[in-house]
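The values are calculated or read from the model by the stated rules, or taken from the named source; none is laboratory data. As the structure is a prediction and not an experimental result, all values here were calculated from the model. With ideal geometry, Cβ positions are generated from the backbone for all residues, glycine too; neighbour counts draw on all protein chains shown.
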Amino acid sequence: MSISAAGKGGTMSQVKCSGCGKLMSAMGRFCSSCGQQIMSPQSASSGMPVWAGCLIAIGVMMFVTAIIGLLAAIAIPSFIKARNTAQDNVCINNLRMISGAKDMHALENSTDPETGLSWEELKPTLEKNGWGMPSCPGDSQHTPETSYEIGQLGIDPTCKINQRHRLTGVGR
């Protein structure tokens, strides 16, 4: 099928149908007289059908989508790890805060070291120091009672939600 382009001043605004010879707008895909498929002037000059350009565009979109998916596959696990590390650090700092509040309560009230404390006893010390009531970030109820075990004065508090959250070593 041969298609010739026609127009003024070298512009290709019309094409000639090879089936019936009628000149028609370059915007159409089919001849209005005989119904034969035609190509746009741009395609006629390159010899490439219109649909081939669409396939190239689809291929480019698929390639870009694949690259975005690859970047997401690399980044998402890193974001999850960073979030978990941040939650671990928040919980460990809460344990340090509880431990400090226990020590302050014991000093202020001359409490026996073997005595266990309740949250009601520890709350005034926490509020006086502007700390508020702590909760583990992994606790769905967000209450100190469900997040932490206070324990006795000489024993470090523990997290009820995640056993990896614990005070260890010097500098607690």
Subset of segment 48-88 that is among the polar types (S, T, N, Q) and surrounded by fewer than 11 Cβ atoms within 10 Å (Cβ to Cβ) - its residue that is nearest to HIS165 (Cα to Cα): THR85
Given CYS91, CYS17, CYS31, which one is closer than 30 Å to LYS160 by Cα, touching a strand residue (DSSP E or B) at 6+ places or on another chain (Cβ under 8 Å), at pLDDT below 95 and not small (Gly, Ala, Ser)? CYS91
Among SER135, SER78, which is the only one that is among the hydroxyl-bearing types (Ser, Thr, Tyr), at pLDDT 90 or above and not in a helix (DSSP H, G or I)? SER135
Pairs where the first residue, in segment 146-159, is within 16 Å of MET104 (Cβ to Cβ) and the second is among the polar types (S, T, N, Q) and part of a loop (DSSP other than H, G, I, E, B), C-beta under 7 Å, 6+ apart: GLN152/THR115; LEU153/THR111; LEU153/THR115
Over segment 97-110, the set of residues in a helix (DSSP H, G or I) and loosely packed, with under 15 Cβ neighbours inside 10 Å is ASP103, LEU107, GLU108, ASN109
Which numbered condition trips up PRO113, out of (1) surrounded by 11 or more Cβ atoms within 10 Å (Cβ to Cβ); (2) in contact (Cβ under 8 Å) with a residue 12 or more places away in the chain? (1)
Looking only at residues in segment 119-170 that are exposed (fewer than 12 other Cβ atoms within 10 Å of the Cβ) and among the hydroxyl-bearing types (Ser, Thr, Tyr), which one is nearest to ILE98 (Cα to Cα)? THR168
